Each structure stands twice: as C-alpha cells, then as structure tokens.
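Engineer: Pasting in a structure now, in structure tokens, and then I'll have a few things to ask.
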Amino acid sequence: MEDMLRALQGTTIASTRPPAFIKLAPNDDGSSLPAAFFEHPDTYIKHVGPDGRIRSWGFYPYIPRGQQGAGHEDIPYPMMRKMMHQMTYAPLNRSSQLLRPEDQFMNTILARRKRELKQVNLGDLTRRDYVLRIHMPVRNFHAHILTDYRDGTQYGPKVVQAISFCLRSLILFQNSGAIDMMHIDASGYDFLNEDDYCVAHVMDKVGDACQYEYDLGDHFRHDIIVERIVPLEESYGRVQVLGGSGICPMENGKGNDTWAKHIETLTKSGTPAARRGLLSEIYSMPNYTDRGWNKASKFDPDYFDLAEMTQAVMAALGTKLSYSPGAKTFKVPFVPEALLGPLSASKRKTTREVTMSPGDSFGFYEELKKDGRDSRRATACAACGNPNDLKACSGCGQRFYCGQACQKAHWKSTHKQECAMAKKQNASG
Ligand SMILES: [Zn+2]
Ligand SMILES: [Zn+2]
C-alpha cells in the first residue's frame, strides 16, 4: 500500500495553481486528476493522438501501443484516488454538499455535449442502413464504451445508481452495474446514455470510425468503421451479419495484446504444456463453457461460422436479457451481497436470472432480466432488428415488430409461448 501511494505521488498532475472550475475538499490536493480538470470544462484543450483521434473526452495523452502502463490508462492511479477520497465527497459522505471533482467536471461536459447533439441535423441518416465492420459481440458481461474519435465523446449503458449496504462497508455502483464499472475513472469518468443516440450521431460518412471498448478493466478495443451507407430506397432496416473472421477472444482475456500473444502461443511458439494450460484456461471462460466444445478439441483462432453468428445475433435481438443495466455479475456465496439479491436497483420490474458457474469455481452469475417492455426508442424488431415503424404485439405489448411478416415468423419460432407467459405475468402483477 505504501509503495502504491509513493508511486501515486510520483505521478501527481496537480498543478500548483488552484483549479479554475472544480472545487476540491480541504483534504484533497487533486493528486492524479488529469491536468484538464484544472482548466475550465468549456475551454480546456483536448489531447489529440498522433493518429488525429481523440479518446476519453480528450483528458489523457494518447499512449501508443507497447507503452501502456505509463499513464492514466493504468488502473491503480484512479483507483487509489477513489479509495482516498470516496468518503470525502457526496453522495457517500452524507454531510458533504460537494460532488467529486470528477463529477463536477463531467456533469458540465455531459450537459454541454447533450445540448450540442440536440442541434445536430441528421436528415434521413437515421433511417438509412449502414454497413459496418465490428467485432466481438458479448452480451451483458462487462461494461462497454463507445468513443467518437472526432471529439472524444463517450457513450455507454444506461445510468443506474444503487447503493449496497453490506455489513459495515458501503459500495456505490454507477451506471450499468457491471463489476468493471469500478474502472470507469480510468476510461474517461462518465458517458452519455447510448440509448438516446444513433449511429448517425457518431459516424455520418464512409470511412468514419469510432472505438468500441469492451470490458473497462481488460480493454478489448475495436474500431468500428463505416464501409458504406446504403441509399434510403435500399434501406430495409434489417440487422444482417455479412461476414467475419476469427473466434471471439476469451472473457477476462486482458485485452487485444494479450489475446494476440495467446494466439501466438497456441499456433506457433508455445510448448505443448503451455498450450494445454492455456487451452484449459480458455475453455473455462464463460463465453466458451456453453459452446459444447470439449477440451480435447482442436482450437482454431480463425474459426468463424456465419450461420452460427447470424443465429446468435437473432437470438440476442429476440431476448430481453439484453436489458442494459442488468449486467452479469459474478457472485460467490460467502460474500454477503449474494444473499441480498440484485445490487442494481431498478424501478422497473426485473427478474433475477442465475446461472451456476460450471467447473471448478463455486460461484454463480446473476443477470437481471426485464419483465416489462423496452422503450420504443431503444428497441428493435424482435425478428429482424429493424428499428423503424415498430408496433407492439397486441397480446402482451412487450415485443415490437416492423411488420406482419416478422411478427408471424417470430410467433412461430419463439413468441407464442413467451406471449402467453407475459400475459399471465401482466395479469398477476
Ligand atoms: Zn422485422
Ligand atoms: Zn406478445
């Protein structure tokens, strides 16, 4: 701990002059806040990377690949700051009227960006289909952030704040409720609610790119690139998987670079023992355990099955497990919270979905499943993914469809049973 504190003091960014906008509590000298926080949020100069892209609202210098760990991308500094000051500021300190400096600064940034985005005229872009190149769909596991490279604006899962009292400790959960939200300070502090915006707000011409970061602790970072924008008369609104390559990296895989090293070990440089060890690690990860692959099967990093992927995307569109604040959380029974029920407080009706963790670990995953319907603005046709002209199922009112053909197809494949169950639930509650 003392070593960490010394390391922290060694990287202090706090300027000797007082901050221009934020207010610091008397015992907080602003150590390890980005230098931008000592400027005014309306006029601070954003850091631009050597590639011309802006990340994390422009707070941090862009750190080139291979030199990570040299700055604020490192988890310990924001974490240490959080530990040192979390009882100093509201809302954890009930007598304090002062919000965290991070929140004082971010609230201003977020409010301004919201106002600017309201002014944007998207024309017919909201109804056009996009051909995008994206990677790695993993549902409700870790939190994610989308970054607009043009100005560093970040979008993420809906805000839910919940406080869990467990014995003598008090934990504040922000945003999605995913466990890796504790690293949000290292990823840009806060984001806009992604449900309120569409692709055209972030990318409006061919060649535009944004970053999709999955897992705020491990940082699986991807570029999403606009390959083509389809003319309005050819835009059908369907979600379609056009192609792909490469199998999804393992959960908790420590980001792109580590995954690349793993692939290298498995296909080229690894000793048989190293490969065996790595394979059993990969197959024990939650996104692999349910694939029905056994440990003896040959691992193929280039594996991609278009039909399988299409089916997975369609299944995801047709489920309510994608309820964004209901991220999966891993629980071990001897942790007191496990007995208290869901940590993510929500006014909406939700059901706990518990998946036992297979294999040698004895915890379980908990995920919140929504019982009510999604808001029309943040949903899509349950059969094809089209977000346009949606009408709710007249039986249960919980599923949306873009037309009769989709409703019929989904009724046959899934919704007949689901609808009856939803109706029963509606009647009882
Ligand atoms: Zn449809
Ligand atoms: Zn229905």
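Engineer: Using θ = phi - 60° and the Karplus relation 6.51 cos²θ - 1.76 cosθ + 1.60, list the HN-Hα couplings for the range 118-128 in order, rounded to whole Hz, with x at every Gly or Pro.
Structural biologist: Working through the residues one at a time gives 5, 7, 5, 9, 8, x, 8, 4, 5, 9, 8 Hz.
Engineer: Per residue of the range 192-206, in order, report the coupling 6.51 cos²θ - 1.76 cosθ + 1.60 (Karplus, θ = phi - 60°) as ³J(HN,Hα) in whole Hz, putting x for Gly and Pro.
Structural biologist: My calculation for the range 192-206 gives 7, 6, 4, 5, 8, 10, 10, 3, 5, 5, 9, 9, 10, 8, 4 Hz in order.
Engineer: Report, in debye and to the nearest 20, how large the dipole of the range 375-429 comes out about its Cα centre when Lys and Arg carry +1 and Asp and Glu carry -1 on their Cβ.
Structural biologist: Charge dipole, the range 375-429, about its Cα centre: 100 debye, nearest 20.
Engineer: Could you work out the equivalent-ellipsoid semi-axes for the range 375-429, taking the square root of 5 times each eigenvalue of the Cα gyration tensor, largest first, in whole Å? Intermediate values should be presented prior to the final figure.
Structural biologist: Details: eigenvalues 73, 36, 11 Å².
Listed largest to smallest, the semi-axes of the range 375-429 are 19, 14, 8 Å.
Engineer: Any of 23/82; 46/261; 114/391; 118/369; 118/205 with alpha carbons more than 21 Å apart? Name them for me. List each step's numbers first, then the result.
Structural biologist: Values: 23/82 16 Å; 46/261 33 Å; 114/391 28 Å; 118/369 31 Å; 118/205 19 Å.
Among 23/82; 46/261; 114/391; 118/369; 118/205, the Cα-Cα distance tops 21 Å for 46/261; 114/391; 118/369.
Engineer: What's the ranking of 44-53, 183-192 by average number of surrounding C-beta atoms within 10 Å, highest first?
Structural biologist: Put in order of decreasing packing, that is 183-192, 44-53.
Engineer: Next question, about the same structure. Between the range 74-126 and the range 175-228, how far is it from one alpha carbon centroid to the other, in angstrom?
Structural biologist: Here the answer is 16 Å between Cα centres.
Engineer: So which trypsin sites (Lys or Arg not before Pro) in the range 74-133 pass both tests, a DSSP loop state and at most 11 other Cβ atoms within 10 Å of the Cβ? Could the numbers behind the result be given before it?
Structural biologist: Working: sites: 81, 82, 94, 112, 113, 114, 115, 118, 127, 128, 133; in loops: 94, 128.
Answer in residue order: 94.
Engineer: Can you list the HN-Hα couplings for the range 84-96, worked out from phi with the Karplus curve (6.51, -1.76, 1.60; θ = phi - 60°), rounded to whole Hz and with x for Gly and Pro?
Structural biologist: Each residue's phi maps through the Karplus curve to give 6, 10, 5, 8, 7, 10, 5, x, 6, 9, 5, 8, 8 Hz.
Engineer: Tell me the net charge near residue 411. Cut-off is 11 Å between Cβ atoms, residue 411 excluded, with +1 for each Lys or Arg and -1 for each Asp or Glu.
Structural biologist: Charge balance near residue 411 sits at +3.
Engineer: Let me ask something additional. Given the C-alpha atoms of the range 194-280, compute the convex hull and give its volume per residue in Å³.
Structural biologist: About 144 Å³ per residue, rounded to a whole number.
Every number here is computed from the coordinates shown, using simple stated rules; none is lab data. Computed from a prediction, not measured in an experiment: that's the story for all the values here. FYI the Cβ positions are ideal-geometry reconstructions off the backbone, even for glycines, and counts take in every protein chain you see.
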